[in-house]
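Quick notes on the structure that follows.
The values are calculated or read from the model by the stated rules, or taken from the named source; none is laboratory data. Here the structure is a predicted model, which means the values were calculated and not measured. Neighbour counts run over all protein chains shown; Cβ positions are idealised from the backbone, glycine included.
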Amino acid sequence: MSFFKKWIPNEADAEKYYQQAFQEETEYNNYEKALSLYEKAAKNGLAKAQYYCGYMYLKGRGTSRNKQKALTYIEQAANQNHPHGQYLLAQMYLSGEGVEKNEQLGNEWLEKFKAHNLPNEIMLTFNSY
């Protein structure tokens, strides 16, 4: 039993790491610790943690900027149908930030994001990536 527990991603653990990371980031402004915890959750497949890791690497929040790591995490989140990940990946392709500019791919990811049919209030928060 313990062998399998080590190798199978644990959703509960991932969510626990994510919640701790979010608290470190938002309540204590401890971005380095937050990133470390987000990465633990991301490695367990949690899409929202993958998004936050990518965002932090892209912006250099709690770490030095690393566009390759940012792209890796953001693609993981986007491929799991995470709307923030899809939107940010679209913006990266449309602007050429961290990737070779590719309007076709950018627009494809933007359409995937739009398919979530999020309310306009939520959509406005995406405009400040």
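Candidates Ala77, Ala41: the one that is within 21 Å of Asn30 (Cα to Cα) and either buried (at least 22 other Cβ atoms within 10 Å of the Cβ) or modelled with pLDDT under 95 (or both) is Ala41.
Condition first: under 18 Å from the mean Cα position of the chain (by Cα), closer than 15 Å to Ala42 by Cβ, at pLDDT 95 or above and not hydrophobic (A, V, I, L, M, F, W, C). Can you find one or more residues in the range 99-106 that meet it? No.
When the residues of the range 107-129 are filtered to those that are of a type in the set (A, V, I, L, M) and surrounded by 15 or more Cβ atoms within 10 Å (Cβ to Cβ), the one that is modelled with the lowest pLDDT is Met123.
Counting only residues that are outside any loop (DSSP other than H, G, I, E, B) and either out of contact with any helix residue (DSSP H, G or I) (no Cβ under 7 Å at 6 or more places or on another chain) or modelled with pLDDT under 95 (or both), which one in the range 44-70 is surrounded by the fewest Cβ atoms within 10 Å (Cβ to Cβ)? Out of the qualifying residues, it is Gln68.
All conditions but one from (1) surrounded by 21 or more Cβ atoms within 10 Å (Cβ to Cβ); (2) closer than 26 Å to Ala115 by Cβ apply to Ala21; the one that does not is (2). Please verify whether the range 42-63 includes one or more residues that are hydroxyl-bearing (Ser, Thr, Tyr) and free of Cβ contacts under 8 Å to residues at least 12 places away in the same chain. Scanning the range 42-63, I find no residue that is hydroxyl-bearing (Ser, Thr, Tyr) and free of Cβ contacts under 8 Å to residues at least 12 places away in the same chain, so the answer is no. Return the pair list, or none, for Cβ contacts closer than 6 Å from residues in the range 94-105 that are within 13 Å of Leu58 (Cα to Cα) to residues that are among the aromatic types (Phe, Trp, Tyr) and in a helix (DSSP H, G or I), at least 6 apart or on different chains. Every condition considered, the pairs that remain are Val99/Tyr93.
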